[in-house]
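Peer 1: The following block contains the structure, expressed as structure tokens.
The values are calculated or read from the model by the stated rules, or taken from the named source; none is laboratory data. These figures come from a predicted structure and were not determined experimentally. FYI the Cβ positions are ideal-geometry reconstructions off the backbone, even for glycines, and counts take in every protein chain you see.
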Amino acid sequence: MTTAAGVSVDTASKDIAQGRLVFQLAYGDCDVVGIAYFAIYYPWMERAYSTWLHAHGIRSGQMLEDLGIVTVGASSGATYAQPARVFDRLACQVVLERLGTSSYTLGFDFTRDGTLVTRGQMTFACRSPRWDKTPVPDRLAAILSSLPRRHTDPDLRRAPKE
């Protein structure tokens, strides 16, 4: 498989190249009664995003050198539809919610066996080396556009259609 950036990936990396990260919760992810701690989704969102970028040839920590910009988190949030428990196997699908001229919003749909558990979102703003507002670079916009779009379902109990 070849990514939108022309990077060759093996079959084992196909999921992350498509913005999908599968993982299993452990005790360290959960509270004392074995339910996933609400904030544990944020590291998984970052991991899904940064490994997806890396699969497309971009290292988030080197965007200034590679793209001439930095991205800063402008907002984030999460909505919890169902509890996840220790040893649950979850999938996090990164989706494109919005691509603006100088910022973009990514969604993160966490599912267990196809059922939506949590829905997260993060908005990133692009800044120049002097921290001025700057456009999303064409290379990054093309890679972002390769993500699936979120099909918002008002019923959070259902995962978006794939």
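Peer 1: If you go through segment 72-81 one residue at a time, how many are surrounded by 15 or more Cβ atoms within 10 Å (Cβ to Cβ) and among the polar types (S, T, N, Q)?
Peer 2: 1
Peer 1: How many of the residues making up segment 27-41 are under 20 Å from residue 78 (Cα atoms) and surrounded by fewer than 20 Cβ atoms within 10 Å (Cβ to Cβ)? Steps first, answer last, please.
Peer 2: Initially, segment 27-41 is screened for residues under 20 Å from residue 78 (Cα atoms), giving 28-31, 34-41.
Narrowing the set further to residues that are surrounded by fewer than 20 Cβ atoms within 10 Å (Cβ to Cβ) leaves 28, 30-31, 34-35, 37-40.
Within segment 27-41, residues that are under 20 Å from residue 78 (Cα atoms) and surrounded by fewer than 20 Cβ atoms within 10 Å (Cβ to Cβ) number 9.
Peer 1: Could you please let me know if residue 90 is in a helix (DSSP H, G or I), closer than 26 Å to residue 28 by Cβ and touching a helix residue (DSSP H, G or I) at 6+ places or on another chain (Cβ under 9 Å)?
Peer 2: no
Peer 1: While we're here: Counting only residues that are assigned to a strand (DSSP E or B) and at pLDDT below 95, which one in segment 108-158 is nearest to the chain's Cα centre (by Cα)?
Peer 2: Per the stated criteria, the residue is 149.
Peer 1: Give segment 82-93 a look and list any residue that's surrounded by 17 or more Cβ atoms within 10 Å (Cβ to Cβ) and in contact (Cβ under 8 Å) with a residue 60 or more places away in the chain, or say none.
Peer 2: Hits for segment 82-93 are 88, 90, 91, 92, 93.
Peer 1: Out of 136, 70, 95, I need the residue that is within 19 Å of residue 23 (Cα to Cα) and of a type outside the set (D, E, K, R). Which one?
Peer 2: Of 136, 70, 95, the one residue that is within 19 Å of residue 23 (Cα to Cα) and of a type outside the set (D, E, K, R) is 95.
Peer 1: Among the residues in segment 38-59, are any touching a Cys at 6+ places or on another chain (Cβ under 9 Å) and part of a loop (DSSP other than H, G, I, E, B)?
Peer 2: Within segment 38-59, not a single residue is touching a Cys at 6+ places or on another chain (Cβ under 9 Å) and part of a loop (DSSP other than H, G, I, E, B).
Peer 1: Filtering segment 1-36 down to residues that are in contact with a strand residue (DSSP E or B) (Cβ under 6 Å, 6 or more places away or on another chain) and not hydrophobic (A, V, I, L, M, F, W, C), which residue is modelled with the lowest pLDDT?
Peer 2: Result: 8.
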